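The values are calculated or read from the model by the stated rules, or taken from the named source; none is laboratory data. A quick note: this is a predicted structure, and the numbers were derived from the prediction, not measured. Positions of Cβ are generated from backbone atoms using ideal geometry, with glycine treated the same way; all protein chains shown enter the neighbour counts. Calculation scope for accessible area: heavy atoms of the full protein, side chains included, ligands and nucleic acids excluded. Shrake-Rupley method; radii C 1.70, N 1.55, O 1.52, S 1.80 Å.
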Amino acid sequence: MARDAIVNDTLAAKFATEKDSPYTRWVADEGLDIIAAHYVPDLRTVELKPWERRGGRGVFINHEATRTSNDCYVCEIPAGGKLAPQRQLFEEMILVLDGHGSTRVWNDAGAAVTFEWGPGALFAIPLNTHHQHFNGSGRQTARFVSSTNMPPVINLYDDVDFVFNTPKDFPNRFAGEPDYFAPKGEQKGLLLDTNFVADAAGLPLVEAKERGAGGGHIRFAMAKGSMNSHISQFPTATYKKGHRHGPGAHVIILTGTGYSLMWPEGEEPRRYEWGPGSLIVPPNMWYHQHFNTGPEPGRYLAFKHEGVSVRNAQGVPKAWISQRIGGDQIDYADEAPVVREMFREALAEHGMKPQMDDAYAAELESLPPKP
C-alpha cells in the first residue's frame, strides 16, 4: 500500500494554518461535505445534505490533489422543484444521472435559451451566464454530477461575492444563440465541438487503437471553455493500457461492469470494482488501468481540467504515448505479470476468457524498442 507521508505533530503544526483554503471554507459555509475519496461505488446513491442556498441537496467529491485544479459535486433537485438561479466566474460541465428536466440560461443582455435533458445528458454552462435547473417530474427527484474549475477561481480571488455576482457578459462564449444547446456539433479529429449531448452512453465514438483493446474514444470542447472531457469505450473481456497524468480526472462509469487498478509508481496496485454510476478519481500521477469483466462494452466519461493533459511538443497527451519513448502509457508488453493473471481470474469467475490476443499482436507491430 502507498505510504501517506504522515509526519510528527510538531512539523504538522507549522503548516496547520495552510491546510484549509478559501475553497474548502466556502464548501463548509455552504453546509456541505467534501468526500475526500478517489473511489465512490455509486454516485446515484451517495448521501447528500440539504443545500439551502441552491434549494436542493448536494455533496462535493474530490481527492485532495484535485482541489487546486477542479472539483466534482453531486446535486439533487427535489420532485416538482427547481434550484435557485446562479451565475459564476468559473466553468462547469454536467452529466445527468437520473431524472428529466430543463435548464434555462440567460445573460444580462436579455438573451435566453431553455433546453430539456434526461438521464445521460451531457452539457456545459457558459461562463458567468445566469442559469437555473428545473425538475420535470412531480414525483421523482433528479440528480446530476458536475465538474467545475471553481477551486482555483475561489482560491485566487477569495471573494465569494465577486465570483457569484459579477455583472459581466462574455458574448464570445454565449450570446443567446437559439440552437446553442441543440444536439449537434463539429467533429475535428477526436474532438467534438458541441454544447449538448443528449445521451452520453449512446453517442457514436471514433476508433482509438492507441489506447489499446480496440473500442472508441471522443473528446469534447464545450461552451468554448478551458475544461475538457472525453468518453472511452472498450469491448467485453478486454482492458485498456495503464497510464498516468496530472490530478483532476473524474472518471464516471456509464455502461458495463469491471474494475480499475490504481497505484503510485513503485507500489502494488489497488483494485476498485465498478458499474454504472461508479466514480474513479486517480490521484496525481498515479498509474491507473480499466478492465471490462462484464457481458457488454464498458464506457466511461472523464471530466478533466486541461492541466491534467501533460503534452509533448506535438500537442499529444503523454498519457497516450509509450513510456519507451518518454510518455506515460505502459505498453501491454511491459505490464506486470499480475495484471494479466488478475484479469484471467476475474473473467473466470463469470465463465469468460480474455479476448486480448489481437490487441497484444497489434501492439507488437509498432512497439518502440526498449531504451
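When the alpha carbon gyration tensor of region 223-263 is reduced to an equivalent ellipsoid, its three semi-axes come out at 22, 15, 9 angstrom, largest first. Beyond 27 Å, what share of the Cα-Cα pairs of the chain is found? Please give it as a whole percent. Value for the chain (Cα pairs over 27 Å): 49 percent.
Annotation for region 2-33 versus region 251-275: alpha-carbon center distance of 27 Å. Here region 254-371 exposes an accessible surface that is 53 percent carbon and sulfur, computed with a 1.4 Å probe and the other protein chains kept in place. Could you pull out every one of the lysines with an alpha carbon less than 21 Å from that of Lys224, ignoring same-chain neighbours closer than 8 positions? Within the straight-line limit of under 21 Å, Lys224 reaches these lysines: Lys168, Lys184, Lys188, Lys304.
Return the Rg/Rh ratio of region 178-335 with Cα-based radii and a Kirkwood Rh. Computed over Cα atoms, the ratio is 0.95. Working value for region 260-329: equivalent-ellipsoid semi-axes of 23, 15, 12 Å, each the square root of 5 times a Cα gyration tensor eigenvalue, largest first.
Distances between placed amide hydrogens fall under 5 Å for Asp328 paired with Ala319, Trp320, Ile321, all partners being 5 or more residues away or on another chain.
Computed over the Cα atoms of region 320-366, the ratio of the radius of gyration to the Kirkwood radius (Rg/Rh) comes to 1.05. The listed residues Glu47, Glu91, once ranked by accessible area (1.4 Å probe) with the largest placed first, stand as Glu47, Glu91. List the lysines whose Cα sits under 25 Å from the Cα of Lys370, skipping any in the same chain fewer than 8 residues away. Here the lysines satisfying the reach criterion relative to Lys370 are Lys209, Lys240, Lys241, Lys318. Enter the accessible area per residue of the chain (Å², integer; probe 1.4 Å; all protein chains in place). Value returned for the chain: 45 Å² of accessible area per residue.
So if R0 is 56 Å, what FRET efficiency would Arg44 and Ser366 give, r being the distance between their Cβ atoms, rounded to the nearest 0.05? Rounded to the nearest 0.05, the efficiency is 0.90.
With contacts taken as Cα pairs under 8 Å at a separation of at least 6 residues, the chain carries a relative contact order of 15 percent.
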